[in-house]
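The values are calculated or read from the model by the stated rules, or taken from the named source; none is laboratory data. Quantities reported herein were computed from a predicted structural model and do not represent experimental measurements. Cβ atoms come from the backbone with ideal geometry, glycine included; neighbour counts cover every protein chain shown.
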Amino acid sequence: MMIRLMLADDHRMLREGLSRSMSEHGFDVVGEARDGAEAVNMAQRLTPDVILMDVSMPEMDGVEACRQVRAAVPETKVVMLTMHADQEVLANAIRAGACGYMVKDCSTEEIAGAVRTVFSGEVALSPQLAASMLDEVRKLAIVPTREDRVVTKREEEVLQLIADGCSTSEVADQMYISQKTVKNHLASIYQKLDARDRTQAILRAVRMGIISLD
């Protein structure tokens with residue numbers, strides 16, 4: 001069975017080159033979107049098996065486009081493409097429903113393999129990202145769980161909203177507090193969980209059972 005593939009990237013030359021390469025690898029390239037909003041509309045019309053989605057696009061970024069595609073066309077799998085192995089973007093993409101995440105400096109053979117992997121129902125990650133995630137798992141294994149390291153109920157609420165994809169301003173609005181207070185809560189959370197950023201704090205809080213990822 002030939003896999004029906006759609007591409008979403010705002011760079012025309014890259015998009016056209018990827019289209020040729022994927023066609024040569026035996027995929028049926030059914031559509032090419034120039035931005036996130038167009039990708040969502042095109043996915044609903046074409047219902048491709050897999051979408052190769054750029055993370056950084058105008059109108060709507062790839063992560064939000066992925067979220068909307070997965071909600072509207074749940075049978076369509078999404079593989080995110082990015083220039084950088086960013087763990088925070090990776091975490092957001094996974095929450096949005098992405099089944100694969102590849103950096104653009106990988107080979108066309110690796111991208112083709114990722115498409116086939118997610119089509120078969122598995123998850124595909126670039127080797128660079130897989131190694132990075134393994135480091136995070138190793139760190140999670142030694143997270144301290146002493147009582148004085150546990151976050152307060154208020155901090156837990158803040159962290160859960162962040163894990164759900166809310167921005168600092170959205171957390172402030174939902175909790176009826178200032179953005180400065182949200183940032184103070186986050187600073188306290190980082191200290192208590194020995195975390196350097198939001199992604200690491202979320203990963204460690206999930207490991208400790210403090211919050212959950214839907």
Checklist line | Residue satisfying all of: in the range 168-213; at pLDDT below 90 and small (G, A, S); surrounded by the most Cβ atoms within 10 Å (Cβ to Cβ) among these | finding: A205
Next item on the list: Those residues that are assigned to a loop (DSSP other than H, G, I, E, B) and either touching a residue at least 24 places away in the same chain (Cβ under 8 Å) or closer than 15 Å to I94 by Cα (or both), I need them from the range 194-214; list them, please.
Entry: D194, D197, M208, I210, I211, S212, L213, D214
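Being of a type in the set (D, E, K, R) and surrounded by fewer than 18 Cβ atoms within 10 Å (Cβ to Cβ) is the filter here; which residues of the range 35-52 pass it?
Listed by number, the list holds a single entry, R45.
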